[in-house]
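As structure tokens, the structure follows; a few thoughts come after it.
The values are calculated or read from the model by the stated rules, or taken from the named source; none is laboratory data. Everything quoted here is computed from the prediction, not taken from an experiment. Cβ: placed from backbone, ideal geometry, glycine included. Neighbour counts: every protein chain shown.
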Amino acid sequence: MQVPTLPIKEAFRRVPNFAKFMPSCLTSAIYESNQKNGLAKEEVAAIKAYTAQCDVYKLLNQALRSEQLKNIQPWFSYLKLFHMAISKLKPKKGYYCRGENIDQSSKYQVGSIITWVRKLIKNLYFNE
């Protein structure tokens with residue numbers, strides 16, 4: 001499947017409910033991003049938008065957890081940009097977590113197999 005490489009704002013226009021995070025989260029992610037560590041400004045913004053405390057993380061993971069192509073497909077252009085960004089980063093030892101302030105134990109069945117994708121990245125905002 002061919003997925004176009006789009007600027008971050010255009011990639012998010014394909015996402016349902018993008019208006020929930022476009023005005024605030026996405027605008028600040030782009031405004032506060034600069035080219036760093038071999039990443040283009042758009043790539044830095046893609047990582048910042050995902051790691052910020054806004055709906056990007058929530059809506060994307062909701063779509064992925066649905067395991068329904070119709071829910072995931074609108075995210076493909078953003079995921080391509082995000083993947084391009086994290087693929088350019090060199091691994092750095094450490095533990096990287098994104099916390100949630102809710103009990104999510106009801107989402108997982110005891111004894112089930114859960115696959116977590118892990119990519120070690122530099123400091124979330126590339127401040128070394």
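Taking the conditions exactly as written (of a type outside the set (Gly, Ala, Ser) and modelled with pLDDT under 80), does residue 86 satisfy them or not? Please lay out each step first, then the result.
Numbers: of a type outside the set (Gly, Ala, Ser): yes; modelled with pLDDT under 80: no.
Against the criterion (of a type outside the set (Gly, Ala, Ser) and modelled with pLDDT under 80), residue 86 does not qualify.
Selection of first residues in segment 60-77 that are more than 22 Å from residue 7 (Cα to Cα) and at pLDDT below 90 and of second residues that are among the charged types (D, E, K, R) and surrounded by 14 or more Cβ atoms within 10 Å (Cβ to Cβ), restricted to Cβ pairs under 8 Å at least 6 apart or on distinct chains, gives an empty result.
Here is a check on your reading of the model: is residue 77 of a type in the set (Ser, Thr, Tyr), assigned to a helix (DSSP H, G or I) and in contact with a helix residue (DSSP H, G or I) (Cβ under 7 Å, 6 or more places away or on another chain)? Yes; evaluated as a whole, the condition is true for this residue. Screening residue 52 with (1) among the hydrophobic types (A, V, I, L, M, F, W, C); (2) closer than 15 Å to residue 6 by Cα; (3) under 10 Å from the mean Cα position of the chain (by Cα) gives one miss only, at (2).
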